[in-house]
Amino acid sequence: MSPPILTTGLVALYLVSSIQAHMVMNTPEPYGLHSGNPLLQVNPLDGITYKYPCQSNNFDHTTSTVMEAGSVTNVNFTGGAQHGGGSCQFSITYDTPENQQLNERTKFKTIYTIIGGCPAQFTDEMNNLDAPYRDADQRLDTVHCGDDSGMDCVRSFRVPLPKFLKNGPAVFAWTWFNKIGNREMYMNCAPINITGGTGTDNDMVEFNSLPDIFIANYPNHPEIASCVTGNGESQVVNIPSPGRYGRIIEKPVDVKSKPSNYCSNIPPATALPTFEPNPQTSIVVDVQPSGSASSATLVIVSSTVIPTSIMGSSSSVNVTHFLTSTVIVATGTTTIGAPAMTPTNTGVTSSTHGDDGEVFPCTKQEGELECLGGGLQYGLCAHGWVIPQPVAMGTICDTTTGTIVLAPGAVKWVRYGVEREKKLKRAVVAV
């Protein structure tokens, strides 16, 4: 892709953006991403220009994302300074700009928490990824993983939406506590419209029981109780009260020298949260291994983003344990009995993206999966462009349905355990 021709104005913009090129959520589309004044900025909340909640200075939007309760939603990001990753939360509130209830007293209820690795994880975390790209509004951008496990690229995440949500307008938020750099809090919010939920105005007990999001590193405010997460050292925050669903990607680290206003509710690094299994972000199937009367747990692992449409379940699927973030469940029979071998690492790294960072125009809608290279590559459409990367071993991108599926006769690596024992075996999945 040819570099843009920089006019004098663009040069000035480039210098400003390079200094303040943090991260913004781009999917679902947040307030002020493409319209209004000022546009959504990559800056952290500062209590002056960028206030809690949601930066609070531009609630203009061109679309409201429809989200189905009981399913998952894909969340993606834009930005040039990933600060070594960090911890983040995803939340929902029914206070909206339209009902004039969205303000500093708004309670955002946590639906998903990620400890470490959000929105990226690095081989060399002290240096941000190169940012040779720009979005439609000239924000710096870098290479995208297209999944939640790639290294040295910006990840996207599948966030489960509780079935007990109430239908109607709401606000979806992403909050982020960076690992490296100043102790900051970032927050972007998106207008959404929830469908398929079972909650009602008279039955919000489950929703109201969700924990409030963690708020820290925010200047003193009479309506917002805040504290600091540290004093500048590298830190993965062990977010307190993270909720029922989430992931631990990178283990938290205790702060060595705690400031006087340190957040006392942050648990020690050894007190890791226990998250409940969620069938839409991880699925585990009970099977009978050959030659054994004991039940085993089979996990068919893939590093690829799997659209909801192929994550279907049946009565034979028994969700038993939370072992991996994204998996493919075959609808055919599974045979185990081949000699044990070490599985090949199929994780996506920055070197597996298009040649020389090549990008292609999208033919799909924003956030949809695009198949490339005859089904051997895929990518997510972002602002009209897609960065190709290989599909996981044993899968293909179905150009008709726009989904990742098992290749016919594919050999998949599986991991299963009998009670506490874990063994690696090779399994042939008959499709």
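If the chain linking Ser209 and Glu68 were pulled fully straight, counting 0.36 nm for each residue of separation and taking away their Cα-Cα distance, it would gain 48.7 nm.
Rounded, prolate or oblate: which fits the stretch 178-236, taking a ≥ b ≥ c as square roots of the Cα gyration tensor eigenvalues, rounded meaning a/c under 1.5, else prolate when a/b beats b/c? Prolate, since a/c reaches 1.5 and a/b exceeds b/c. Cross-linked pairs Lys51/Lys163; Lys163/Lys364; Lys107/Lys251; Lys51/Lys109: Cα-Cα separations exceed 22 Å for Lys51/Lys163; Lys163/Lys364; Lys107/Lys251.
Applying 1/(1 + (r/R0)^6) with R0 = 35 Å to the Cβ-Cβ distance of Thr123 and Glu276 gives a FRET efficiency near 0.65. For the stretch 30-95, report the translational diffusion coefficient in µm²/s to the nearest whole number, using Stokes-Einstein at 25 °C, 0.890 mPa s, and a Kirkwood Rh over Cα pairs. So the translational diffusion coefficient is about 175 µm²/s. Using the Stokes-Einstein relation with a Kirkwood hydrodynamic radius computed over Cα pairs, the translational diffusion coefficient of the stretch 83-229 at 20 °C and a viscosity of 1.002 mPa s comes to 126 µm²/s. If you sort Lys251, Lys163, Lys109, Lys258 by accessible surface, 1.4 Å probe, largest first, the order is Lys251, Lys258, Lys163, Lys109.
Across the accessible surface of the stretch 161-238, with the other protein chains kept in place and a 1.4 Å probe, carbon and sulfur atoms take up 49 percent. Database remark: amide H of Gly232 closer than 5 angstrom to the amide H of Arg183 (H placed geometrically; neighbours at sequence offset of 5 or more, or on other chains; Pro and chain starts carry no H).
Per-residue 3J(HN,Hα) values for the stretch 163-177, derived from phi via the Karplus relation 6.51 cos²θ - 1.76 cosθ + 1.60 with θ = phi - 60°, read 5, 7, 5, 8, 6, x, x, 7, 10, 9, 10, 10, 10, 9, 10 Hz in sequence order (x marks Gly and Pro). Averaged over its residues, the stretch 107-227 has an accessible area of 35 Å² per residue, based on protein heavy atoms and a 1.4 Å probe. Atom-type composition of the exposed protein surface of the stretch 38-87 places 49 percent of the accessible area on carbon and sulfur (1.4 angstrom probe). If the chain linking Thr400 and His221 were pulled fully straight, counting 0.36 nm for each residue of separation and taking away their Cα-Cα distance, it would gain 59.1 nm. Coupling constants for the stretch 243-258 follow from the phi torsions by the Karplus curve (6.51 cos²θ - 1.76 cosθ + 1.60, θ = phi - 60°), and in residue order they are x, 7, 10, x, 8, 10, 8, 9, 5, x, 10, 6, 6, 6, 10, 8 Hz; glycine and proline get x.
The values are calculated or read from the model by the stated rules, or taken from the named source; none is laboratory data. What you are looking at is a predicted structure, and each value in this text was computed from that prediction instead of being measured. Positions of Cβ are backbone-derived with ideal geometry, glycine not excepted, and every protein chain shown enters the neighbour counts. Surface accessibility is based on the protein's heavy atoms, side chains included, excluding ligands, DNA and RNA. Shrake-Rupley method; radii C 1.70, N 1.55, O 1.52, S 1.80 Å.
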